[in-house]
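Q: Following this message is one structure expressed as structure tokens.
The values are calculated or read from the model by the stated rules, or taken from the named source; none is laboratory data. For clarity, every value in this text was computed on a predicted model and none was experimentally measured. Counting neighbours? That spans all protein chains shown, and the Cβs are built from the backbone with ideal geometry, glycine included. Just so you know, the surface numbers come from the protein's heavy atoms only, side chains and all, with ligands and any DNA or RNA stripped out. Shrake-Rupley method; radii C 1.70, N 1.55, O 1.52, S 1.80 Å.
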Amino acid sequence: MNDTPPPPPPPPTSPPNNPASNAPQGGLDQEQDRRAKLARLRDEFQIDPYGQRVDGLITLAATRALYDQASDAAAKENAENDHRPVAATAGRVMLHRVMGNLIFMTLRDATGDLQIAVSKKAVGTPTFKIAKLLDLGDIVTASGAVGSTKTGEITLWAREENGLRLACKSLAPPPDKFHGLQDAELRYRKRYVDMFANPDVLATFQMRSRIVAGIRQFLNDRDFLEVETPMLQPIAGGAAARPFVTHHNALDFDLFLRIAPELYLKRLLVGGLPRVFEINRNFRNEGIDRSHNPEFTMLELYQAFGDYHAMMDIAETMIHHLATTIGGSEQLPFVSSDGEREISYALPFRRAKYHDLFAEHNGFASTDREKLLAKAKELRIENADKLDHDVLVNDVWEETVEAHLVQPTFVIDYPASLCPLTKIKADEPAIAERFELFISGMELGNAYTELNDPDVQAANFAQQLDGLDGEADTEEQTFRSADHDFVEALKVGMPPAGGLGVGIDRLVMLLTNQRSIRDVILFPLMRPGNG
């Protein structure tokens with residue numbers, strides 16, 4: 001085997017197609033200038049401007065933490081007494097200043113910024129010339145002593161010929177250093193630029209990962225087993241939503257990207273797993289707004305011999321734990337459409353009945369059909385007089401109650417007709433043992449005491465399909481289905497259980513104080529366009 005790397009390819013004779021409308025002002029000219037430097041680095045200095053493996057690197061934050069004031073002061077007093085700590089690090093060039101025979105650069109990585117100083121005397125003429133050719137956005141490695149400047153700024157002072165190396169030449173000019181990448185749509189399309197140009201964005205996604213890891217640890221500590229269920233499903237079940245449809249060529253039948261994993265997870269309870277959870281993607285072919293993205297991440301969990309009260313305990317304990325350990329406080333700010341508020345995650349969360357909240361915010365009982373129709377007319381709800389009573393109540397409820405649920409609130413005891421997968425209350429057959437958790441006017445979680453009677457489940461499926469034959473399109477934004485194999489699974493026997501779903505993206509929005517779901521999804525869905 002020949003271990004000699006192949007020579008680098010020759011630089012293109014002209015830049016690739018890149019519409020000027022997508023480039024920063026002067027972007028094409030800047031790219032041509034950078035390509036000229038790329039050719040010079042290859043031809044004159046005989047280096048690979050795209051780097052190679054480097055061992056022993058530490059982060060910029062870890063490099064900064066090595067600073068020792070006493071050794072730094074001693075080195076400044078006597079150059080022969082230089083015992084400053086040394087480090088090797090890497091980062092992207094965010095600031096580049098040439099001051100005669102000294103160059104100062106600010107590097108950035110996922111942990112923050114650090115100043116690097118390159119002295120011609122310390123690194124030699126060839127390396128210094130390479131340092132002068134660097135552009136903003138280039139990625140470099142640097143090694144040397146960790147000290148400070150005369151003004152006290154912690155700085156890594158590059159040493160010797162290999163004290164600075166180019167790891168990757170950037171051909172695309174970065175955003176303006178004073179304003180960053182600010183256009184919202186461009187930020188979402190070019191997240192790879194957004195993350196290094198706006199450190200707060202990177203911090204948000206680092207926190208997202210810690211939140212998801214925290215959820216996994218919380219559930220693992222309570223003996224829940226993480227599982228994976230199908231993304232491609234022959235029946236779009238577990239929720240009422242419009243699915244994405246695809247076709248399997250080899251077997252010649254349609255499949256649906258899942259709208260919920262619920263019915264598969266409950267099959268696992270039938271199979272003997274007592275506590276299961278899944279954190280994964282759901283897909284709903286519906287609208288996009290501040291709190292909705294067609295592809296989103298959900299936590300769903302099921303506990304044998306639990307109920308919706310057990311799910312409340314898990315939900316509030318878990319969210320309180322995440323707020324205090326990752327968010328750092330029981331009181332966290334959240335900016336909504338009507339300004340920033342403090343959200344209290346102190347235990348316990350409020351519990352309020354669905355029908356009580358309706359009366360509180362509308363001034364009449366949900367059973368008063370005449371007043372309900374008048375309210376629906378005021379709210380301009382279409383075809384109100386033709387809607388089932390409970391459906392109309394819920395339409396009015398969503399318009400008049402949700403926005404008022406700012407502090408964490410469990411809304412409990414929903415109309416049973418709206419909850420085909422939920423067990424009804426033994427002493428109130430019109431009420432389902434269900435809750436939804438609202439924070440800052442957003443639905444964050446949904447939970448049931450799970451229905452495990454196969455005959456009642458079969459009847460509920462039949463009822464929700466009644467009248468839809470051949471008219472599924474009239475459902476507009478909903479898609480309803482009956483999973484007969486799930487009914488067969490219930491005939492085998494599923495223990496009494498509680499089930500809970502929590503929207504991960506919305507939870508991250510709350511805990512990181514981000515107003516839009518697009519700000520907590522790395523690559524949100526965007527309309528096709530130049531980018």
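Q: Restricting to Cα pairs below 8 Å that are 6+ residues apart, what does the relative contact order work out to for region 204-362? Please round to a whole percent. Let's see the in-between values first.
A: On the way: 200 pairs, mean separation 26.5, N = 159.
Dividing the mean separation by the residue count of region 204-362 yields 17 percent.
Q: Kindly identify region 173-319 as rounded, prolate or oblate by the Cα gyration tensor criterion: order the square roots of the eigenvalues as a ≥ b ≥ c, call it rounded if a/c is under 1.5, otherwise compare a/b with b/c, prolate if a/b is larger, else oblate. Working shown, then result.
A: Details: a/c = 2.65, a/b = 1.41, b/c = 1.88.
In terms of gyration-tensor shape, oblate.
Q: A further question follows. Take the alpha carbon gyration tensor of region 373-450, find the square roots of its eigenvalues, order them as a ≥ b ≥ c, and report rounded if a/c is under 1.5; if not, report prolate when a/b exceeds b/c, else oblate. Let's see the in-between values first.
A: Numbers: a/c = 2.62, a/b = 1.19, b/c = 2.20.
Because a/c hits 1.5 or more and a/b fails to exceed b/c, region 373-450 counts as oblate.
Q: Treating only the Cβ atoms of Lys and Arg (+1) and Asp and Glu (-1) as charged, compute the dipole magnitude of the chain about its Cα centre; round to the nearest 20 debye. Before the final figure, lay out the partial values.
A: Numbers: 56 positive and 77 negative charges, 586 e Å.
Here the chain has a charge dipole of around 2820 debye.
Q: Quick check: net charge around VAL393, other residues with Cβ under 12 Å of its Cβ, Lys/Arg +1 and Asp/Glu -1?
A: Values: positive: ARG369, LYS371, LYS375; negative: ASP368, ASP388, ASP390, ASP395, GLU398, GLU399.
Summing Lys and Arg as +1 and Asp and Glu as -1 gives -3.
Q: For the chain, what proportion of DSSP beta bridges, expressed in % and rounded to the nearest 5, is antiparallel?
A: Working: 80 of 90 bridges.
Close to 90 percent.
Q: Moving on to the next point. Rounded to the nearest 20 debye, what is the charge dipole size of region 210-291 about its Cα centre when +1 sits on each Lys and Arg Cβ and -1 on each Asp and Glu Cβ? Could the numbers behind the result be given before it?
A: On the way: 11 positive and 10 negative charges, 50 e Å.
So the magnitude is around 240 debye.
Q: Remind me, relative contact order of region 385-517 in percent, using alpha carbon pairs under 8 angstrom and six or more residues apart?
A: Values: 174 pairs, mean separation 27.6, N = 133.
Normalised by residue count, the contact order of region 385-517 is 21 percent.
Q: So how many Å³ per residue does the convex hull of the Cα atoms of region 310-434 work out to? Walk me through the numbers before you get to the answer.
A: Numbers: hull volume 16.4 nm³, N = 125.
Cα-based convex hull of region 310-434, divided per residue, equals 131 Å³.
Q: Over region 120-252, what portion of Cα pair distances is larger than 19 Å, expressed as a whole percent? Mind showing how you got there, number by number?
A: Details: 6536 of 8778 pairs.
Cα-Cα pairs of region 120-252 separated by over 19 Å account for 74 percent.
Q: Another question about this same structure. I'd like to verify something in the chain: which complete DSSP H helices, judged by Cα projection on the helix axis, reach 18 Å or more and average at least -1.0 on the Kyte-Doolittle scale?
A: Details: long enough: 27-43 (24 Å, -1.66); 199-220 (32 Å, 0.23); 308-322 (21 Å, 0.23).
Membrane-span-like by this criterion, though nothing is claimed about a membrane: 199-220, 308-322.
Q: Tell me the relative contact order for the chain as a rounded percent, counting alpha carbon contacts under 8 Å between residues six or more apart. Before the final figure, lay out the partial values.
A: Values: 945 pairs, mean separation 64.5, N = 531.
Across the chain, relative contact order equals 12 percent.
Q: List the equivalent ellipsoid semi-axes of region 35-142 in whole Å, largest first, each obtained as the square root of 5λ for an eigenvalue λ of the Cα gyration tensor. The partial results should precede the final answer.
A: Details: eigenvalues 132, 60, 32 Å².
Output for region 35-142: semi-axes of 26, 17, 13 Å.
Q: For GLU360 paired with LEU95, estimate the spin-label separation in nm (one decimal), with each label point 7 Å from Cα along the Cα-to-Cβ line.
A: Roughly 5.1 nm, to one decimal.
Q: Farthest toward the dipole's positive end in the chain, which of PRO496, GLY328, HIS96, given Cβ charges of +1 (Lys, Arg) and -1 (Asp, Glu) about the Cα centre?
A: HIS96
Q: Rank ASP113, ASP176, ASP200, ASP413 by accessible area, highest first, at a 1.4 Å probe radius?
A: So, going from the largest accessible area down, we get ASP200, ASP176, ASP113, ASP413.
Q: If I histogram all Cα-Cα distances within region 485-531 using bins 5 Å wide from 0, what percent of pairs lands in each bin?
A: Cα pair-distance distribution for region 485-531, in percent: 5, 15, 14, 12, 9, 10, 9, 13, 9, 3, 2.
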